[in-house]
Ligand code: PHE
């Protein structure tokens with residue numbers, strides 16, 4: 001009787017050792033059969049009372065061996081499956097497949113044009129100066145011959161700091177011209193790129209923020225002819241060598257005489273088109289001889305020195321060159337738009 005039970009347990013042990021479940025389902029069946037809540041070994045424990053006392057210990061050990069063998073086998077099977085899954089995953093990874101392409105950025109059209117303008121002027125000896133965007137009243141207006149009650153301030157209304165009428169967002173980079181004149185002795189030959197602000201209603205043609213490049217040349221005997229020559233050089237470099245310029249008399253408080261800078265329409269070549277509105281000319285900026293009052297305000301002897309200044313809007317030039325018909329596109333950061341401008345500069 002006892003031997004029969006021993007034989008039964010031994011045959012279970014042999015079954016466990018011989019079992020080789022391979023699918024996840026078969027392994028689960030194996031677990032349920034030998035280690036589950038209603039496993040095949042359970043009833044054997046009940047048989048212990050039919051075992052003579054001197055073999056009870058031997059029986060207990062045998063049953064434990066069977067249980068341990070089943071546990072070890074299950075562990076080994078699970079490890080094997082995990083390893084197989086890992087290998088399958090690794091095999092699924094195709095190391096020869098081409099990689100994900102890197103997204104190459106492109107320069108913003110305003111940066112492209114700004115860099116071209118800077119590069120063009122540096123070739124004829126202009127250095128670059130930059131300064132703050134939050135300016136005081138003096139550097140943005142008063143030093144530039146535009147005192148508090150001057151009507152020209154209306155054309156450049158801007159944003160003031162809360163509870164501080166002295167500080168404002170600069171309306172032009174002429175403020176940097178003032179700072180440069182205050183801090184350096186002539187000769188001065190610099191350009192002033194930067195972001196500026198105006199209280200404008202945003203539309204296809206105007207924005208409350210934009211970029212300028214202004215320029216200043218002060219020395220003895222600087223004349224209007226030098227100004228004209230410089231503008232002409234710039235226009236030909238940026239818009240092509242057939243470009244002509246036209247200086248149209250105008251008014252700025254800080255220059256006298258003053259002029260608007262027009263270039264011959266580089267799109268229709270003067271034939272007339274909707275970019276030049278059939279006038280053959282397009283306006284790109286303003287210029288003039290620095291008003292002696294401005295020189296004196298900045299501590300420069302206006303008897304000894306003269307100078308010219310000019311300023312232009314970078315968005316305006318970018319829009320003309322790339323035929324962009326809405327300034328807002330330049331500030332929306334839509335990469336479908338921005339990706340279209342590729343440049344080495
Ligand atoms: N500061 C002027 C503006 O922003 C441009 C300008 C600069 C005109 C220098 C003349 C001379 O409108």
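The values are calculated or read from the model by the stated rules, or taken from the named source; none is laboratory data. No experiment lies behind these values; they were computed from the predicted model shown. Ideal geometry is used to build each Cβ from the backbone, glycine not excepted, and the neighbour counts take in all protein chains shown.
Quick look at the numbers
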item	result
Residue list for the stretch 216-228, filter: surrounded by 13 or more Cβ atoms within 10 Å (Cβ to Cβ) and outside any strand (DSSP E or B)	222, 224, 226, 227, 228
Criterion violated by residue 238 - all others in (1) surrounded by 15 or more Cβ atoms within 10 Å (Cβ to Cβ); (2) part of a loop (DSSP other than H, G, I, E, B) satisfied	(2)
Condition met for residue 259 (out of contact with any helix residue (DSSP H, G or I) (no Cβ under 7 Å at 6 or more places or on another chain) and surrounded by 21 or more Cβ atoms within 10 Å (Cβ to Cβ))	yes
1 or more residues away from the ligand (no atom under 16 Å from the Cβ) and at pLDDT below 95: qualifying strands (runs of 3 or more DSSP E) within the stretch 124-215	164-169
Residue among 36, 60, 125 that is surrounded by fewer than 16 Cβ atoms within 10 Å (Cβ to Cβ) and touching a strand residue (DSSP E or B) at 6+ places or on another chain (Cβ under 6 Å)	125
From the options 89, 84, residue that is farther than 16 Å from residue 19 by Cβ and surrounded by fewer than 10 Cβ atoms within 10 Å (Cβ to Cβ)	89
Residue in the stretch 235-244 that is within 13 Å of the ligand (Cβ to nearest atom) and either touching a residue at least 12 places away in the same chain (Cβ under 8 Å) or not assigned by TED's automatic domain parsing to the domain that holds residue 309 (or both) present	no
Enumeration of residues in the stretch 105-123 that are under 24 Å from residue 324 (Cα atoms) and part of a helix (DSSP H, G or I)	109, 110, 111, 112, 113, 114, 115, 116, 117, 118, 119, 120
Meets criteria (loosely packed, with under 14 Cβ neighbours inside 10 Å and over 30 Å from residue 317 (Cβ atoms)) for residue 24	yes
